[in-house]
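**Student:** Here it is: the structure, laid out below.
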Amino acid sequence: MSAALLSGEIPALSALSNVFMPAAASYISKYFPVFIAGAVFGKLMGATGAARSIAHFISEKIGPDYAIYAVVVATSLLTYGGVSLFVVVFAMYPIGSMLLKEADVPKRLLPACLALGAFTFTMTALPGSPQYINTMPTVYFDTDIYAAPILGILGSMIIFFGGTGFLNYRAKKAKLAGEGYGVHLNEGLEDLEGEAPGFGLAIAPIAIVFVLNFILTKFYFASDAVKAKYTAAGYAVNGTWPVVIGLSVAVVFILISMNRYLRESNKTIFDGAVGSLLPIFNTASEVGYGGVIKSLAAFSTLKLGIVALAIPSLFKVGISTTLLAGIVGSASGGTAIALEVLSKDFLAMGIHPEVLHRVMIMAAGGLDTLPHCGAVITLLSVCKLDHKQSYIDLAAMTVGAPLIAVTCVMVFHLLTGLV
């Protein structure tokens, strides 16, 4: 309303009722099933102890000598398996703390380890990720969650190996300086206690999400017969459907097979469902704001300025998306605004839709985690640390590594044409 008021182009109340609300409601109508299915799945994985069981298994196999790798791998497996980012942070915090403590690695590196596994390559780069940000471009570009597999895998490798290499370097440097895990009071490690399912049963829901996502995306909904069926009925196949179905089937599997580990199944499902409301309304409000900005003349000037930049079109996509994510402090929010207001312009540049899909969300995972980002504040709060102690390493993982990776991916595509 303030933006409309200052521009003098649209009455403030009209901007609220006729521009902001329809844009926000449109986003919710497209993505709410993904949010609620993912939130309930993640809540159940945490409440049953399945997430903890998987993390324990990986840490035992890798060992304390490779504590940083253990934390990153366990976190990334949970995130790539469909567990929501915030649930992963809460589930992995006590295990990560114990692993770093056993290896005498400074605890201040823990947020960076968790963020590397949860907030970077498994969220935006790795093809097939069921995280909702990877489903967002499917609606605009007619792609699927496996879009641009070569570019996605390349970006993931750069982030993973670059990130773990940097964190191990920092740990060795701290050890040489005589710095260990440190003394930390009231760490809240009681979550390590309680009965949990075995690794085989714990990993089964994640396997279900993987398998169903792949089959439905690559075979069922991709078949000409199914597409023709929906087209004849006046509908189009939605790229979010495989993720919703995979997560929903996994939820039913957990409720049946792990019921003994759930103290209050109804409450857990309720909490998961309610937990999906805040993130989707946060993102939808950013989309609504983007809708208002899009309607103003100043935005047309800005858009023309971006298009006129004397750089390759793909770099215009990356720069504009990461700047939007940095402004709103959210990768999903930045992506949502970029898709809402710039997707048609990006497609008009002649860039392959799959490349657009992968580059946009990878770029959004760059400047999104500046100090004001809600996810950063939550992560530091869970780890009982502050910006002064941990943000430099955290920023290296969530800002530096993704921006380097997406730049390399864009250059690689421009040089080779591979997708």
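**Student:** Which pairs do you get when a residue that is free of Cβ contacts under 8 Å to residues at least 60 places away in the same chain, found in segment 399-419, comes within reach of a residue that is in a loop (DSSP other than H, G, I, E, B) and buried (at least 22 other Cβ atoms within 10 Å of the Cβ), reach meaning Cβ atoms under 9 angstrom, with the pair 6+ apart or on two chains?
**Tutor:** Pairs that qualify, where the first residue is free of Cβ contacts under 8 Å to residues at least 60 places away in the same chain and the partner is in a loop (DSSP other than H, G, I, E, B) and buried (at least 22 other Cβ atoms within 10 Å of the Cβ), are V399/D368; V399/T369.
**Student:** Quick check on my filter: what residues within segment 354-380 are outside any loop (DSSP other than H, G, I, E, B), closer than 30 Å to L109 by Cα and of a type outside the set (V, I, T)?
**Tutor:** As a first pass, look at segment 354-380 and keep what is outside any loop (DSSP other than H, G, I, E, B): 354-367, 374-380.
Still in the list and also closer than 30 Å to L109 by Cα: 358-367, 374-380.
R358, M360, M362, A363, A364, G365, G366, L367, G374, A375, L379, L380 - these are the residues of segment 354-380 that are outside any loop (DSSP other than H, G, I, E, B), closer than 30 Å to L109 by Cα and of a type outside the set (V, I, T).
**Student:** Condition first: under 17 Å from K218 (Cα atoms) and surrounded by fewer than 18 Cβ atoms within 10 Å (Cβ to Cβ). Now tell me which residues in segment 231-240 satisfy that.
**Tutor:** Kept after step one, since they are under 17 Å from K218 (Cα atoms), are these residues of segment 231-240: 236-240.
Matches in segment 231-240: A236, N238.
**Student:** Does F412 fit the bill of being surrounded by fewer than 18 Cβ atoms within 10 Å (Cβ to Cβ), more than 14 Å from the chain's Cα centre (by Cα), hydrophobic (A, V, I, L, M, F, W, C) and part of a helix (DSSP H, G or I)?
**Tutor:** On the way: surrounded by fewer than 18 Cβ atoms within 10 Å (Cβ to Cβ): yes; more than 14 Å from the chain's Cα centre (by Cα): yes; hydrophobic (A, V, I, L, M, F, W, C): yes; part of a helix (DSSP H, G or I): yes.
Spelling it out, F412 is indeed surrounded by fewer than 18 Cβ atoms within 10 Å (Cβ to Cβ), more than 14 Å from the chain's Cα centre (by Cα), hydrophobic (A, V, I, L, M, F, W, C) and part of a helix (DSSP H, G or I).
**Student:** Which helices (runs of 4 or more DSSP H) does segment 276-338 wholly contain that include 1 or more residues that are closer than 19 Å to F141 by Cβ and modelled with pLDDT under 80?
**Tutor:** Values: elements: 277-294, 297-307, 313-328.
In segment 276-338, the matching helices (runs of 4 or more DSSP H) lie at 277-294, 297-307.
**Student:** While we're on this one: Mind listing just one residue for me: the one in segment 241-264 that is open to solvent by less than 70 Å² (accessible area, probe 1.4 Å) and outside any helix (DSSP H, G or I) and, of those, modelled with the lowest pLDDT?
**Tutor:** L262
**Student:** Among the numbered criteria (1) modelled with pLDDT of 95 or more; (2) part of a helix (DSSP H, G or I), which one does L418 miss?
**Tutor:** (2)
**Student:** What's the number of the condition K267 fails, among (1) open to solvent by 50 Å² or more (accessible area, probe 1.4 Å); (2) of a type outside the set (G, A, S); (3) in contact with a Gly (Cβ under 6 Å, 6 or more places away or on another chain)?
**Tutor:** (3)
**Student:** OK, next. Of L385, L324, L394, which residue is farther than 29 Å from V19 by Cα, open to solvent by 10 Å² or more (accessible area, probe 1.4 Å) and out of contact with any Leu (no Cβ under 7 Å at 6 or more places or on another chain)? Full working, then the answer.
**Tutor:** Numbers: L324 fails: farther than 29 Å from V19 by Cα; L394 fails: open to solvent by 10 Å² or more (accessible area, probe 1.4 Å).
After ruling out the rest, the residue left standing is L385.
**Student:** Conditions first: (1) closer than 30 Å to H184 by Cα; (2) crowded, with 18+ Cβ neighbours inside 10 Å. G63 passes all but one, so which condition is the exception?
**Tutor:** (2)
**Student:** Go through (1) open to solvent by less than 50 Å² (accessible area, probe 1.4 Å); (2) over 21 Å from Y93 (Cβ atoms); (3) outside any loop (DSSP other than H, G, I, E, B); (4) touching a residue at least 12 places away in the same chain (Cβ under 8 Å) and name the single condition I351 misses.
**Tutor:** (3)
The values are calculated or read from the model by the stated rules, or taken from the named source; none is laboratory data. It should be emphasised that the depicted structure is a prediction, and the values quoted were computed from it without experimental measurement. Positions of Cβ are generated from backbone atoms using ideal geometry, with glycine treated the same way; all protein chains shown enter the neighbour counts. Ligands, DNA and RNA are excluded from the accessible area calculation, which covers all protein heavy atoms including side chains. Shrake-Rupley method; radii C 1.70, N 1.55, O 1.52, S 1.80 Å.
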